[in-house]
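Only one structure is covered here, and it is reproduced in the block below.
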Amino acid sequence: MTDPAPETPAESTDPSPQPKRFLFLRRREAAAATDPAAQAAATGADTSADADITPDRIRPGVVKRRRRQLTAQYEQGIFDLGGLAMELHSRGLLAEDVMRRRAAEVTDIRAQVDDLSAQLDQLRQDRRDRRQAGRGGSITCPACGFHSRSTANFCAACGA
């Protein structure tokens, strides 16, 4: 038996060899390529402005990540605003129009953070509602207030 000759780079059928990549990175990239919310988060775009994304497709992790980014921008904006005010005051150049413009920018960022927080709360509430609907309903024990399944014949907590 003869071993085939080892393939040299000149004999390679692929003119541009691809570098080896880890499997988990390919999965993440493939998911990001198909998920518009992930693409928007990766590019820093505003996910609340996308009208074609339904609430069923919005992932809470994407909203949380965007909220963290905006919160960091807000905190940095507050820090910069205070530094600007101190610098302008120390030089005697404190002008209201500059401060109002910067404060408006910081306020806009805070409004975006509040919107994302409300959206995240709504997603959580929707998830809770879906879970409750999937459980087949529940009843409250009149004696102790314990929540039991609607098919239960007696309370698991007090036996009533």
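The values are calculated or read from the model by the stated rules, or taken from the named source; none is laboratory data. Bear in mind that the values here come from a model prediction, so they are computed numbers and not experimental data. No Cβ is skipped: glycine too gets one built from the backbone with ideal geometry, and neighbour counts run over all protein chains shown.
State yes or no: is ASP129 within 22 Å of the chain's Cα centre (by Cα), in a helix (DSSP H, G or I) and modelled with pLDDT under 85?
Spelling it out, ASP129 is indeed within 22 Å of the chain's Cα centre (by Cα), in a helix (DSSP H, G or I) and modelled with pLDDT under 85.
What are the residues in the stretch 112-145 that are surrounded by fewer than 12 Cβ atoms within 10 Å (Cβ to Cβ), of a type in the set (Gly, Ala, Ser) and within 29 Å of ARG65 (Cα to Cα), if any?
Hits for the stretch 112-145 are ALA118, ALA133, GLY134.
Inspect all residues belonging to the stretch 88-110 and state whether any of them is touching a residue at least 24 places away in the same chain (Cβ under 8 Å) and among the β-branched types (Val, Ile, Thr).
Yes, the stretch 88-110 contains a residue that is touching a residue at least 24 places away in the same chain (Cβ under 8 Å) and among the β-branched types (Val, Ile, Thr).
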